[in-house]
Structures are given as structure tokens and as C-alpha cells.
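Rule-based calculations on the coordinates, nothing more; no lab input. Here the structure is a predicted model, which is why all the values come from computation and not from measurement. Methodologically, a virtual Cβ is constructed for each residue, glycine included, from the backbone with ideal geometry; neighbour enumeration extends over all protein chains shown.
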Amino acid sequence: MSEAGATKKFLYINRKAPYGTIYAWESLEVVLIGAAFEQDVSLLFMDDGVYQLVKEMQTKGIGMKNFTATYAALGDYEVNKIYIDKDALTERGLTLDDLQHLVWEDENEDWAEKDSIHLVGRDEIADLLDEQDVIFNF
Amino acid sequence: MLHIVNKSPFTAGALQSCLRIAKAGSTILMIEDGIYGALDGTAVSGQIREALGDITVCALSHDLEARGVNGKVLDGITLVDYDGFVELVTANDGVQSWL
């Protein structure tokens, strides 16, 4: 518990592919709301959730908005802890190069650009869950 | 028979059930999240490659493009647009949607 007692650790777990269901988009909306309240936010993408971060989506043909461009703005909202299950990537034939390159600027280091994305394995995911005050599932 | 699969092979058993039942000479069309079954280098690619011997496998190009994976489709899979989707429905005697 922080001194103020108001900041909690929020983890958003994303396990669904984009577009086929509304979960991915809804999660992003809730993440941005949480960030506005200056909570300590982390995002975890596992299972089909890793598909949300695939780059160069062209959604005109399915008549839906490509909401995934918003992930690139997360760094500006100080959402810069983005974890990706590396086993989920491997199972899907994907590598980091297939995903958007998400970064944030560290004001304590002269706004140096840093990677937001961290590849994690099952043990790190288990620890990540243990650290949280609140977990949201999408 | 035209078999339609709209669920990811990693979250639902639809593709597995479809592959188990689909006869030689039939066609499978992957749409929506089902298109993840059409990609190379995944945990199910080997199964699809095997099925391609006697089953025609198609995937909806708009759904591949929307998900940014149109460059990763397995060799041997036919890409169709919405007109192609309609043609497949009319060319086949029956349609089974594995929801």
C-alpha cells in the first residue's frame, strides 16, 4: 500500500483476438480509464491476445475501425509495462518483429525512449499475478 | 459440403471438429477469427498442410488483412473475397458452420 493509499497495481489480462469479439477493444477503453486515474497499470497479452498487437492491420475490408493504433499512445498515458507471453507467440508462429514497437519516454532520463514490451515466461507471469491488487480479465 | 470455421484454433475446438468430419473433396472456408488456422508456422499448421491433400482450404482475405497476417498464409490455401464466399456457398450442396 502506498503512502497515499490511493494507488493500486492494476493488471489487465488480454486473451482474445481482435475484431472477432469486442473484448480487445473494451479492454483498451478500460485501460485508458484506469490510466486517467493514475493507477499503476500493467498489461499482459497471452493466448490469442498476442494477436492484438500484430502490426499493419488493414480493416477497411471488414468495415471495422482499426482500434489497435491506440496501443502506440499508451506510453503517453504512462502505461509502459506491457508483458507478452513468449510461449503464446511461439505457438502462433509469431516473433516480436510481427508486433507493434511500443515505446515510452522516461522523464527521469532526459526523455530517453524505452521499450514498453517485455517478453515473459510462465514463471514471470505467475509472479506478475501475485504482485497485483486488482486483475481485470478480457 | 462447405465447412465454415469462424473461431481461432487456439481457443475453440471448431477447427478440430471440422477436420475430423470433413470428407475428401469437401471445402473448408476460414473466416473471422478462424483465419488464424490458415497461417504458417503455428501449432496447427502441420494438420492443415496434411488436410490440404484431399480437402480444399480457403480463407477470407479481408479477415486476414484486418488482422495483419495476410503475408503469413500457408502455401496451398486459396484466398477468397466476399464474392468468392458467395460463390462457394452456391457451388456447394450444403453448408455447415462450426460455430
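Tabulated data
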{"read-out": "Shape call, the protein assembly as shown: gyration tensor on alpha carbons, a/c limit 1.5", "value": "prolate"}
{"read-out": "Inter-site label distance for residue B:43 and residue B:92 at 7 Å from Cα along Cβ, in nm", "value": "2.6 nm"}
{"read-out": "Overall form of region A:9-137 per C-alpha gyration tensor (a/c, 1.5; a/b vs b/c)", "value": "rounded"}
{"read-out": "Gained length - residue A:22 relative to residue A:55, 0.36 nm times residue gap less alpha-carbon distance", "value": "10.0 nm"}
{"read-out": "Cα shape, chain B, gyration tensor, a/c 1.5 rule", "value": "rounded"}
{"read-out": "Where trypsin sites (Lys or Arg not before Pro) fall in DSSP loop in region A:1-82, at most 14 other Cβ within 10 Å", "value": "A:55, A:65"}
